[in-house]
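Working notes, beginning with the structure itself.
The values are calculated or read from the model by the stated rules, or taken from the named source; none is laboratory data. What you are looking at is a predicted structure, and each value in this text was computed from that prediction instead of being measured. Every residue, glycine among them, receives a Cβ derived from its backbone with ideal geometry; neighbour counts consider all protein chains shown. The area values use the complete protein model at the heavy-atom level, side chains included, leaving out ligands, DNA and RNA. Shrake-Rupley method; radii C 1.70, N 1.55, O 1.52, S 1.80 Å.
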Amino acid sequence: MTVREHNDEIFKPIFLHSSFRTGSTWLWSKFRENSECYCYYEIFNEILEDINFKNILQSPSTWNSHHPAGAPYFSEFSPLLKKVKGIEGFDQEMAFSDFFLELNGDRDRVNKTSAYLASLVNLAQQNRRVPVLSCTRSIARVEMIKSQIGGTHIFIKRSLLNQWFSYSNQSQNCNPYFFNTILKTVNSKNQKDFLLNIRSFLAENISVEVYSKDDHDILLIGFLCIHIYMNFRYKDHFDIKMDFSKSPSKSDLEIAERMIMDHTSLKVDLSDYSDIISAPQRLIGDIDRVVSMVRSLFAQGIDGTNDDMLRLAVDSELAAFREGYEQYRRIAGSAHLQLEMDDVAHRHLQERFNAVTDELNETQSAADRQAEELAARIKTASDDLENSVLRLQEAERDLQAERALHQSLTDQLAQAMGRIETLEQELAQSRAYYGKLDRRYVESEQGRISVAAEMQAAQEKCAALEHDVQQAANRARALSEQLEAAEADKQAHHQSLTGQLAQAMGRIETLEQELAQSRAYYGALERRYAESEQGRISVAAKMQAALERCSALEHDVQQANHALEQQRGEMHQALAEIEFISSGRAEEYDAFDRRWSTMMNRINNNSSK
C-alpha cells in the first residue's frame, strides 16, 4: 500500500516522535485542537492489537498520567477496526519487536509497517485533513518511515532526569510499565552491537521484573544508554527538534510554533506548556557508579558515528543529568530520604499485613473447603434419605393397591357365588316345575289347557332365567376385565386365568344360545299344539325332548363347573403368589380360599344332583 499523490502539500503527514514520559501526548493534543488535523495517538501502541468497538471510544484512563483532558485517545482509529478486535494492518511485533527496524532491515516487516502507516495517512487524506501520527516507539524507525511515507518529522526531547523521575514515580504508584519498556526495548530485534552490550549488561544484573533498590540503579544505566544512543544516532533525521530539556521560555515556545507553521502551515498553540517534575520512588543509590558505567559502555563506540562527537554528546547528557540530580538532592534530598525511610517502614508493615492476610485467607479457604465437604456429605445423606422415603412410599402404594385389588376380587367372587347359588335354586325349581307339569298332563286331558298356560309361564321363567344368566355373564365379563388388568400389572400367569375365564364366558354364551333355542322350540310347540288335538301326544314327546335338552344343559353346566374347577386351581396359584408378596394378609387369603372351595363344592353337588 502506498500513500496517494496530491497536487499540493496541504495534506502532507506529520509524525511526532518521542520516548515515554516526554510530553508527547500534550503536543499531540495541541495538533488535535486544530480542526484541520486528523490525529492518531501512539500508532505502535500494543493496545491496538486487542482494541475493539466496545473500548475504543471509552474515556481516557484514570491512571496518574498528567495527560491533558480530551476525547478518547484512539477514536480516530475507529474506521480501521476489524470485526472482532484490532486495527487493520497492525500487529504486535510493531510495538517493541520492530523497535529498531531500519530501512535495510527485514523486508517483509518494512513492507508491513509501510502498508499500515500508509492506510492511516490515506484515511486522513480521504477526509481532507492533515494526518498527524504520534508514537513513543518510533525514534529508531524515523529513517525508514521518512523514506517510505515522507512527511514532516518532529522530535520531542525532555530532560533525561525529569523523564527518569517520571518512570520512577509511576513505579511507586504501582505502575512498572515504563521500567518494563527498558527491558522490552533492549530485547527487540534488529539491534546493533552497542544495544546487544546493553542487553547483556541488564540480563546479567536483573533477573526478574520485581525490582529491588539496587535494580533501580541498573535500570537507570540502561535507560541512560538507550536514550543517549537514540538521541545521538537519529537526531539528524528530524525536521524539527523540540528540546524541552530546560524549561522553555515564552520566546522559545513561540519559536517552536513558528517552526511548525513554516514546515506544516498549521497553527499550534504551545503557550500552556509546563513540565511537571514528579518525585522519584527513591534516590539514586550511587550516582558516580551510574555515570561511570554509562561512560564505560559508550567507550566501545557506535558503528557509523564519530567517536569524538559521541563522547561529547555522552559527556553533555551525563553532566546535565548529574547537575540536575545534585540540585534536586540539595533541595529535596533530606525530605526524600525521610520519605524513603517511611516507605521502607510502610513496606514492612505491608509485608506483615500481607502475611497475616495470606494466613487468614488460607484459614478461610480451609474452612470453606471443610464446609463444602460437610455440605456435600449432608447433601448425599439427604439424597439417600429422600430416596429411601420415596421407595418406602412406593412400597406403601403398591401394598395399598394389592389390598384394594384383593378386596375387589373378594367382593366380586362373593357376588358371583351368590348369583350361582340363585341360579342353582332357579334351575332346581325349573326341573321340579317340569316334573310337576308332566304329572299333571298324564293325570287329565283337561291338563292340556293348563299345560299351555304353564308352558307360557315356563317360557317366562326361561326368559327370566336367561336374563339372570345374561347378568351373570356380564358380571363374569367385568370380573375377567379386572383380572386382566391385575394380570397386566403383576404376573404373566394371570393371562392363563383370563383365558379360562374367557372360555367360561364363551360357554355361558353357548348356554344362552341353547336357552334361546329352547324358548323358540317351546313357541313352536305351542303353535303346533293349538293346530291339532293330536298335538297332545307330540307335546308329550316334545316335553320329553325338552327334558333331554335340559339334561344336556345340565351336562354343559357340569363341564362349565369342571372348567371353573381348573380356574380355581389357577386362582390358587395366583393366591399363593399374592400370599408370597403380601404375607401379612395370609389369614384373609385363607378365608377367601375357604369360601372359594365352599362355592365350588356347592356347584359340584348341584351338578351331581
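Scanning the stretch 84-104 for residues that are assigned to a helix (DSSP H, G or I) and acidic (D, E) turns up just one, E93. Remark: K436 matches the filter, which requires a residue to be open to solvent by 70 Å² or more (accessible area, probe 1.4 Å), modelled with pLDDT of 75 or more and not aliphatic (A, V, I, L, M).
For the stretch 127-134, state whether one or more residues are touching a strand residue (DSSP E or B) at 6+ places or on another chain (Cβ under 7 Å), over 28 Å from R282 (Cα atoms) and among the charged types (D, E, K, R). Yes, the conditions are met somewhere in the stretch 127-134.
For first residues located in the stretch 414-433 and of a type in the set (F, W, Y), partners that are modelled with pLDDT under 75 and lie 6+ apart or on another chain with Cβ distances below 8 Å form the pairs Y433/E454; Y433/A458; Y433/K461.
Residues that are buried (at least 16 other Cβ atoms within 10 Å of the Cβ), modelled with pLDDT of 95 or more and of a type in the set (A, V, I, L, M, F, W, C): does the stretch 82-92 have at least one? Yes, the stretch 82-92 contains at least one residue that is buried (at least 16 other Cβ atoms within 10 Å of the Cβ), modelled with pLDDT of 95 or more and of a type in the set (A, V, I, L, M, F, W, C). Considering the stretch 185-200, and only residues there that are in contact with an Asp or Glu (Cβ under 9 Å, 6 or more places away or on another chain) and not polar (S, T, N, Q), the residue that is surrounded by the fewest Cβ atoms within 10 Å (Cβ to Cβ) turns out to be D193. So is D236 open to solvent by 80 Å² or more (accessible area, probe 1.4 Å), modelled with pLDDT of 90 or more and within 26 Å of V130 (Cβ to Cβ) or not? Yes; evaluated as a whole, the condition is true for this residue. Here K112 meets the list (1) open to solvent by 10 Å² or more (accessible area, probe 1.4 Å); (2) modelled with pLDDT of 95 or more; (3) not in a helix (DSSP H, G or I) almost entirely, failing just condition (3). In the stretch 268-279, which residues are touching a residue at least 40 places away in the same chain (Cβ under 8 Å), among the acidic types (D, E) and exposed (fewer than 13 other Cβ atoms within 10 Å of the Cβ)? Residue satisfying the conditions is D269 alone. Evaluate the following for L57: is it modelled with pLDDT of 95 or more, under 25 Å from R128 (Cβ atoms) and touching a Ser or Thr at 6+ places or on another chain (Cβ under 7 Å)? For L57, the condition - modelled with pLDDT of 95 or more, under 25 Å from R128 (Cβ atoms) and touching a Ser or Thr at 6+ places or on another chain (Cβ under 7 Å) - is not met. A single entry from S119, S138 fulfils the requirement of being of a type in the set (G, A, S), at pLDDT 95 or above and surrounded by fewer than 20 Cβ atoms within 10 Å (Cβ to Cβ): S119.
Out of the residues in the stretch 245-267 that are outside any helix (DSSP H, G or I) and at negative phi, state the one that is most open to solvent (accessible area, probe 1.4 Å). Walk me through how you get there before you give the answer.
The initial filter retains those residues of the stretch 245-267 that are outside any helix (DSSP H, G or I), namely 245-249, 265-267.
From the residues that got through so far, the ones that are at negative phi too are 245-249, 266-267.
Working: S245: 39, K246: 167, S247: 104, P248: 27, S249: 50, L266: 3, K267: 149 Å².
If we take residues in the stretch 245-267 being outside any helix (DSSP H, G or I) and at negative phi, then K246 is most open to solvent (accessible area, probe 1.4 Å).
Mind listing whichever residues of the stretch 280-305 are part of a loop (DSSP other than H, G, I, E, B) and exposed (fewer than 15 other Cβ atoms within 10 Å of the Cβ)?
Passing the criteria: G285, D286, A299, Q300, G301, D303, G304, T305.
When you scan the stretch 156-177, do you find a residue that is in contact (Cβ under 8 Å) with a residue 12 or more places away in the chain, open to solvent by less than 20 Å² (accessible area, probe 1.4 Å), of a type outside the set (S, T, N, Q) and over 22 Å from R233 (Cα atoms), even just one? Yes, because at least one residue in the stretch 156-177 is in contact (Cβ under 8 Å) with a residue 12 or more places away in the chain, open to solvent by less than 20 Å² (accessible area, probe 1.4 Å), of a type outside the set (S, T, N, Q) and over 22 Å from R233 (Cα atoms).
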